[in-house]
Structure formats: structure tokens, C-alpha cells
1. Hey, Leu653 hits all of (1) modelled with pLDDT of 90 or more; (2) in a helix (DSSP H, G or I); (3) surrounded by fewer than 24 Cβ atoms within 10 Å (Cβ to Cβ); (4) in contact with a helix residue (DSSP H, G or I) (Cβ under 6 Å, 6 or more places away or on another chain) but one; which does it fall short on?
2. Could you list, in sequence order, the residues of segment 88-105 that are open to solvent by less than 20 Å² (accessible area, probe 1.4 Å) and either under 17 Å from Gln55 (Cα atoms) or in contact with a strand residue (DSSP E or B) (Cβ under 7 Å, 6 or more places away or on another chain) (or both)?
3. Return yes or no: is Gly346 free of Cβ contacts under 8 Å to residues at least 40 places away in the same chain and on the phi > 0 side of the Ramachandran plot?
4. Does segment 1-46 hold any residues that are part of a helix (DSSP H, G or I) and of a type in the set (Val, Ile, Thr), and which are they?
5. I'm checking my understanding of the structure. Among residues of segment 508-532 that are in a loop (DSSP other than H, G, I, E, B) and out of contact with any Pro (no Cβ under 9 Å at 6 or more places or on another chain), which one is farthest from Val189 (Cα to Cα)?
6. Among the residues of segment 585-621, what is the count of those that are under 26 Å from Leu323 (Cβ atoms) and assigned to a helix (DSSP H, G or I)?
7. Quick one: is Glu506 open to solvent by 50 Å² or more (accessible area, probe 1.4 Å), farther than 15 Å from Leu571 by Cβ and in contact with a helix residue (DSSP H, G or I) (Cβ under 7 Å, 6 or more places away or on another chain)?
8. Tally the residues that are open to solvent by 20 Å² or more (accessible area, probe 1.4 Å) and either among the acidic types (Asp, Glu) or under 21 Å from the mean Cα position of the chain (by Cα) (or both), restricting the search to segment 534-548.
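The values are calculated or read from the model by the stated rules, or taken from the named source; none is laboratory data. From a predicted model like this one, the values you see are computed outputs, not experimental measurements. Neighbour counts run over all protein chains shown; Cβ positions are idealised from the backbone, glycine included. Each accessible area value is taken on the protein alone, full model and side chains, heavy atoms only, with ligands, DNA and RNA left out. Shrake-Rupley method; radii C 1.70, N 1.55, O 1.52, S 1.80 Å.
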Amino acid sequence: MVSLALSVSFVVGVITLLYAAWLTLNVTRSKSGDSKMQEIAKAIQEGANAFLTRQYKTLLPLVVILSLIIGYINLNTGIAFLAGVVSSALAGYIGMQVSVRANVRVAEAAKSGLESALGLAFKGGSVTGMALTGLGLVGLSLLYFFFGASQVALEPLIGYGFGASLISLFARVGGGIYTKAADVGADLVGKVEKGIPEDDPRNPAVIADNVGDNVGDCAGMAADVFESFVVTIIAAMLLGGAAMNNIELPLAIGSFGVLASILGSFFVRVGKDKKIMGAFYKGILVSAVLLLVFSYAYMYQMGDTALFPTVLVGALVTGIIFLITEYYTGKEFKPVRQVAEAAQTGAGTNIIRGLAVGMHSTVVPVILIVLAIAVSFKVGGLFGVALAAASMLSLSGIVIAVDSYGPITDNAGGIAEMSGLPSKVRTVTDALDAVGNTTKATTKGFAVAGAALGALALFVAFAEKVGLETVNLLSPQVTIGLFIGAALPFIFSSLLMTAVGRAAFEIVEEVRRQFKEIKGLMSGTGRADYAKCVDISTATALKELVVPGIIAVFTPLAVGFLFGVAALAGLLAGVIASGLLMALFMCNAGAAWDNAKKYVEDGNLGGKGSDTHKAAVVGDTVGDPLKDTAGPALNALIKVVNTVSLVFASMILFYGLFPL
């Protein structure tokens, strides 16, 4: 007999996918503007599709090899691994397909005013959020049922999480390199050297920059949070114990959060004050409250509400992490304005201040996560911590809807600029884009915190699987693993930032060449070769994503087989602690530099074209690969390392070569 939790999970998943389909129809039936707007949108769409197709082809050999290895160890786990790969790739693909179609329609809707454009942009973003959570619930519930809906069925589900983690890693790495190479290249030549506006059609890198918004911030973020969503629920189910209601409770909580997100999305409306961020917070607040109501009702019906406080903790962390991140990255607040003011004395002081803000911004989120762990552990032990993480990630639908709104409005502004729409249209898209910068920053904070809590649950599941009751820091094995794990985010980030630098260098050289050789380009009578910059970003991103991916997958295996499970436990602890802090620092510092530049461009401290503005652009250039490439990719690194360890735990335990 199918349990209530399993039934609810599957039904909610199907409803969510149907809702995503309905939203897609709403978006695609909207007006798409004149022929010039459609031509630009088509170029963005073709570039995004070309990149994603080539990325998946590049990953295919690795996926096949890993699926054969995992399938040899356990056939069901191999099947689940392939399902995780397909689901994660599909989540990113669906979100991006709607995003590249919504952008031009939002630009057209902006002619009718703010409310019309906001509603359409949010619907486009909601497709991504709903598609990834719907796919996650359907995939988890079907596989869990197929494998027997019991404790034994959880083992293959780890493979589903690993498949999702693998695609998440490469989507974040490849998309991040692409988007920031194009962005940095476009800014350094366009804004700094030539003094032309952002999204100016004379800039040869402008289409590549707009493509990057979709493959990085939309497809990459979708795959990232899809993986966090399913991996956290799987980890919580693993820790659920032998009692059936506890094993399936995380699945139920995840379903309630997704259903609450659907209902909460209807409350995203701007009021008379026209505050867009307030509209988003309203939707998130309603979703969180409904999650608590549904969860309590379910627990009450099951006859045990003792673990309800852990669900409350997860919902509170979601809301508070948004507020903390907005404070450190929003241009209305003191930290960002201090970064902007520091640009008055040059790029050096601007960069110093941004680094300081990024470092400072790690403290409060860590305290929040520590308190969440302490309270949830007090209520429900290690399972309580995992359940709090599942509660937090259950709201991924509404959170990613808010996040994916960002690249859509960014593209809409670019299309408005390039197609020469009236200034009042650009005023609307600029207002939407300004909030989009904040939402992209705040949702990164959510993703980082969710990754940390989810990874902790995975770490505990690994320890239970290999029989580790304690991790002794005085053990040489553990110390070796700890140092390697702590160093891993640094070398990983270094490789990604070097890749962005190399690709950006090629873009800069190409943009300079075109301005020099194409007659009339600067005056507007010549036409830029946009395709060349798209090709450079695509080729470089795909070439550079391989080595970081191999390091992430094979480092835990090497440490485990060489030094044993205790060393691997040390590595997991090191990578979680180091990766969490590095990700928070890089994401928040990068967002602070970005919004400091935007603050100056709003007419403050000299405005556009001033020396302060040029210094702020340099700071933003430094921050770009931090906030959109290396920082977000660390979320995937943390979870890939943990899921790899969990999948191969039994082999490492019995076939380790040289444990100390």
C-alpha cells in the first residue's frame, strides 16, 4: 500500500509541473515586440542553446563511464544516477528555454508599465522554480516507490543525488565561466575604455553577455538548487531511522514547501508603494507560513508533532538569510555605500573595502547556521538538523522564481537598449533589473546556507554508513583529510577564476580588434560581429570546466582509498567549513562591488563616466568571477564531494589501500 507521504509527494510534483506548463503558456502567448527586438532575442536564444547543447555533449562520456562503474557496484544505484543526471539537466534546460523567450516579452510589456513587466518576468522565473521542484518530487517519489518504498530503497536514491550533483557542478562551472568572461570583457572595453553604456549594441560582446545571464544565472542556478533540494531530502530520509513515518517525513515536508510555493507565488504583487522587493518578500512569507501550517497539520494527523520546531527553524533560516544578505549587498544599505564611497580615491581602495565587506558578511550567516543546528539538534538530534535543512530547501520553488526573474529582466533591459526602445521603457527595465541584482545576491545566500546544512546531513549519513561514531582530530588520518578538504575550495576557485581571466582576455582582445577594424562601429554605422564573442566564451568555458570537475569527483576517492574512511571524514569536514565561508565571502563581496557600481551609476558620487565610476567598474570586474563563477560553484563542490563519498563508501571501507 502506498503511504500518504509518497502519494502526496507524487501528486504535488505532478501539480507543480502542470503549473509550470501553464506559466509557460502564459509567457509564450504574450506579445514579443517588433522584428528588431525579436532578432536580438533570437541571437541570445541561439547562443544559449548552442552552449547548453555542447556542454551536455562534453559531459556525456563522463556520465556514461560513471554510470557503468556505479551500475557495476549496484544496478539500481546506476539507474538512479542516470535519472538524477537527466532530471538535473532537464531542470536547467526548461528554465533557460523559458528565460530566453520571456526576456523580449518583458521588454515589450515594459511599454505598458512596471506592473505588467514585473508580472511577466516573475512568471518566467517561476517556471524555473516550479520545474525543478516538480521534477525533484516526481523523480524522488517514483524511484523510491520503484525500489520498494522502504529503508532498502534509500541506498539507490543516493545515486539520484549524485547524478544531480554532477550536472549541478558542471552547469555552475561552465555557465559561470561563460557568463563572467563575456561580462568582464564587455565592461572593460565598453564601459572603461570606450565610455559607452551597458548593453550598447556597438559592443561586440553584448550578445555573449546576455547569453551568459541565461546559461549561468538561470540554467546553472536551476541545476544547483535542484541538486540541493533532492540531495537534502535524500540525506534526511537516510537519517530518518527505521520508523516509516520518519523515513518519509522529509519527503512530505518537501512536498508541502513546494505546494506552499505555488500558492505563495500568487501573492507576488506590487502595492501602491511600487516596491518590487517587498512584493517578493510577501510571496516568500506567505509560502513559509503555509509550509508551517501544512507541516503541522500533517504531523498532527500522524500523531506526533515533536519535530515541528525543526521545520520552523528551516523556514526562519530562509527568511533571515535573505535579510542578512540584502543588508550586505543592497545599495540602500551602509556596506555597499561604503564600498562606493571608497571608489572616490581609486580602484585600489574600492577593492580593499569590498574585500572587507565580503569577509565581514560571513559572520552573521555562520552564527545563524550554528544556532539553527543547535536548536534543531536539541529538538530532534541529527535527524532534526537534516529535517530543518529539508524544510529550508522545500521553499526552493519560490526562491528560484525570485532568482530567475533577475536574468530575464537583465536581458529585457539589454533588448530595450539594443533595439532603441523609448527611454521610458528602459526606465521600467532598469527598475526591474536593479531589484534583480539584489534577488540574485540574496538567493545565492539561500543556496550557500542550504548547501551547508544539506552537506552536514550528508556527512552524518556517510559517518553512519561507514560506522564512524566520532572523528578524532588527533588522528593523522583525520588531520591529512582535514587539510586537503580545507584546501580544495581554494584550488577549485583558483582554477575557475583563472579560466574566467583567460576567457575575458580573449574577449577583450576581440572587442578591441573589432572597434579598430570595423569601420563605423563606434559611430554606430558599422555592425559588430557578435557571434565571434559568443564562440570564444563557449569554447573557453567548455575547455576549462573539465579539470575542476575531475578534481571534485576524484579527490575524495583518492583520499578515501589511500588513507581510509577516517581521512575521508576529515576531508568532508574541511571542505564543508572552508567551502561555506569561501562561498559566502565571494558571493557577498562580488554583489557588494556590483551594487556599489550601480549606486554610482544612479547619479551618486559623480555618476556615470566619472573617475569614481571607472574605479567602481574595476571593482565590479574583480567581483564578477567571485559572485557568479567561483562562489556559487562551491555549493556544488561541497555536495559533489559528499555524494561521491556516500556512493562509494562501501568500496572505500573494504578496499582502501594504505590506511595509516
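1. Going through (1) modelled with pLDDT of 90 or more; (2) in a helix (DSSP H, G or I); (3) surrounded by fewer than 24 Cβ atoms within 10 Å (Cβ to Cβ); (4) in contact with a helix residue (DSSP H, G or I) (Cβ under 6 Å, 6 or more places away or on another chain) one by one, Leu653 breaks only (1).
2. Ser88, Ala89, Ala91, Gly92, Gly95, Met96, listed by residue number.
3. Against the criterion (free of Cβ contacts under 8 Å to residues at least 40 places away in the same chain and on the phi > 0 side of the Ramachandran plot), Gly346 does not qualify.
4. Val8, Val11, Val12, Val14, Ile15, Thr16, Thr24, Val27, Thr28, Ile40, Ile44
5. Thr525
6. Matching residues across segment 585-621 total 20.
7. Criteria met by Glu506.
8. 4
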